[in-house]
Ligand SMILES: Nc1ncnc2c1ncn2[C@@H]1O[C@H](COP(=O)(O)OP(=O)(O)OP(=O)(O)O)[C@@H](O)[C@H]1O
C-alpha cells in the first residue's frame, strides 16, 4: 500500500519537483568539489568567448568556464537563500506567535508595527538593512532575512490568532499552560502546514532578491560569487555573448521554479485527494428533470455504503449497506451512539459528502434525482429548494458577516429566482413561522445578535425559503437547554406542517426522537440494527435498542445505582422487521 507521500510524489508535479530538488542538491553539495577547478582555471587565450561546445555558457574576462562557475555558484546562492528564509521565518514566528498570545492592547501595538513595516517597499527595507550590515554576503543574507520578517510576522499572527481563539487553546490555558508552552504545543503545530507552503514560495522570492542585490553590487563581493554577480558580469556583454547573462539567469529561474513547485506540492498534500471517480459523470446537462408524484417516497436508499480514505492510503467502510425510505411528510428519526454513522448516512442522502468519500448504493434517490451521479444545474437548483439542512452548531452554519435576512433571501433569489421584494416578504413570513418576534427588525441583524435557539430557528426558516420536501436536522437541539430545545422542535414541527416536508432527525437521544418522530431507525457501527414505529418502542426486540431505552433516566430512576451499560456485541444481529414496523 502506497503511503500518502509516495502518492504525492508519483504525480507529474511530484516527479518534476523531485528531479529539480535532486539537481539543486547535487550542485549545492558536489558542485564546488567536481567543478571548482574548472571554475577557477584561467585561460587568457580563450577570454570572453561566446557559447561553444567546450564552454556552453562561454567564458569570462579571465577565460574561466561560465557553466562551471554557474554550477559552483549554486552553493552560495542556495545557502544564502535558505539562511535568509530561515531568518525571515524564525523572526516571523517569534513576532507572530508572541503577538497572537499577547493581551489585546500589546497585540494591537505589535500588529500595528508589523503593518507599518509592511507598508515600506520590501526592496527598500533590504537596502536599508544592507547599509547597516555592510555589503558582504553575510550582510546581504541578514538584510534579506530581516526584510522578510514583517511578511511572515503578519502571516503567522493571522494564522495563530485563529488557532489561539480555539476551545482547545482556551482549555490548555485553563489547565495552567503558559503563553510560550501554549504557543509551542498548541498553536505552532496547527499552523505548520500553511507555513511550510509559504516558506517554499518565499524561498523563490528570496533567491530573486539575492540576485537583485548582487546585481546592484550590494550582495556577494569578489572573489566570492553567486548567480547575481555572474548575471551582473554577463549583462555587460549581453549584446555580444547573450549566454553569459542567460546562463546564470536560467539557474535563477529554474531554482526559483523548483522552490515554488515545492510550495505547490506542500499545498496539494494538504488537500484531500479525491477517492477516485466516485460519482459517475454522465452528460449531465442533457438529463431530463424527473417528474415525481407527491405519493412517492422522498428518499429511497438501498444497500447504501459509504467509505473514506485512511491516512495510510487505504479505504475504510463506515456505513455498511443501509436501506431506508422516507415518505412525504413523514418524520423519521435516526438514533445511535456516537460514530454509528447517522450523520454520514444523512449527508450521503443529501449528496453533501466531500471528494474524500466513496458513496455506493444499489439505489439512492431524492424525489427521482439519482444522488449517486453528479447533479445537473437544474437538479442542483431543485435540491437547493427542496432540501433543507440544519446542523448542531447554527453559528458556524450561518455566515457571520451577512445579515440573517440577506442569507434567508439568497435561497429564494438564487435557487428560486424570486424578485428581491418577494424574497424579503417570504423571509419575514418564514421568521414569523418559527416564532421569532419582530421579524422585520431581526432580518437586518447579524447572526451573533441572535441567541443560540433563535439562530437554530433562523436555520429552519432558511429551509422554509425554498419549497422543502425534506428537512435534515442533525442534532439540532444538542447544544441547547431544555426550554430552548422545545422551541426549536416546535419550530421544526410548524415548518413540517406548513410545508408538508418530511423530516430526518438525527439524535443520540432516543427519548427525544421517539417523542417527535413517526418512525425510529436505530443504527450501530454503520448498520441499521432495528427500525420501528415510534409509539412501539416498548416492543423493541434488539438488545441494543432495548439498552438505549434503558439508558434514558426518568423520574422513577434510582439515582443511587449506575445506569445500564450496553454490551459491546449487541450490533451483531440486525433485526429486520421493516414490514411489521411500517404498517
Ligand atoms: N470525512 C471523514 N473521513 C473519515 N472518516 C469519517 C469522515 N466522516 C465521518 N467519518 C467516520 O464515519 C463514522 C461515522 O461518523 P458519523 O459522523 O456518521 O457518526 P455519528 O453517528 O453521526 O456520530 P455523532 O453522533 O458523534 O455525530 C465515524 O467513525 C467517523 O469517524
Report task. Return the distance in nm (one decimal) between the two label points of a simple spin-label model at residue 508 and residue 37, each offset 7 Å from Cα along Cα→Cβ. Result -> 7.5 nm
Report task. Multiply the residue gap between residue 327 and residue 44 by 0.36 nm, knock off their C-alpha separation, and tell me the result in nm, one decimal place. Result -> 92.6 nm
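Among bridges DSSP assigns within the chain, what percent are antiparallel (round to 5)? All intermediate terms of the calculation are to be shown ahead of the outcome.
Details: 26 of 45 bridges.
Around 60 percent antiparallel, to the nearest 5.
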Report summary line: With the label point 7 Å along the Cα-to-beta-carbon line of residue 444 and a cut-off under 17 Å to each amide N, the hits in region 401-435 are 402-409, 421, 424-425, 427-429
Requested in this report: Only helical DSSP H runs with n ≥ 4 go in: add -39500 (n - 2.57) per run for the chain, normalise by residue count and round the 222 nm mean residue ellipticity to 500 deg cm²/dmol.
Outcome: -16500 deg cm²/dmol
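Could you give the length gained by full extension between residue 320 and residue 561, i.e. 0.36 nm per residue of separation minus their alpha carbon distance, to one decimal place? List each step's numbers first, then the result.
Working: separation 241, 0.36 × 241 = 86.76 nm, distance 3.60 nm.
Here the segment from residue 320 to residue 561 would lengthen by 83.2 nm.
Per residue, how much space in cubic angstrom lies within the convex hull of the C-alpha atoms of the chain?
Working: hull volume 136.3 nm³, N = 583.
Spread over its residues, the Cα hull of the chain gives 234 Å³ apiece.
Calculate, in nm to one decimal, what residue 393 and residue 378 gain on full extension: separation in residues at 0.36 nm each, minus their alpha carbon distance.
Details: separation 15, 0.36 × 15 = 5.40 nm, distance 2.94 nm.
My answer for the length gained is 2.5 nm.
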Requested in this report: Treating the angle as unsigned and between 0 and 90°, give the value, to the nearest 10°, between the Cα long axis of helix 452-464 and the longest Cα principal axis of the chain.
Outcome: 80 degrees
Report task. Report the FRET efficiency, 1/(1 + (r/R0)^6), for residue 184 and residue 541, where r is their Cβ-Cβ distance and R0 is 41 Å, rounded to 0.05. Result -> 0.15
Query raised in the report: Quick one: helix 377-386 against the long Cα principal axis of the chain, what's the angle to the nearest 10°, folded into 0 to 90?
Result: 50 degrees
Requested in this report: Treat each spin label as a single point 7 Å out from the Cα along the C-beta direction, and report the residue 119 to residue 498 distance in nm.
Outcome: 5.1 nm
Query - Calculated on alpha-carbon atoms, Rg and Dmax of region 74-268 in Å - result: 19.2, 71
Report summary line: Restricting to Cα pairs under 8 Å and 6 or more apart, the percent relative contact order of region 74-268 works out to 25 percent
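Taking only C-alpha pairs under 8 Å that are 6+ residues apart, what is the relative contact order of the chain in percent?
Details: 1022 pairs, mean separation 64.8, N = 583.
So the answer I get is 11 percent.
Throughout, read-outs are computed from the coordinates displayed, never taken from laboratory work. Owing to the predicted nature of the structure, the values given are computational and were not obtained by experimental measurement. For neighbour counting, all protein chains shown are included, and Cβ atoms are generated from backbone atoms with ideal geometry for every residue, glycine included.
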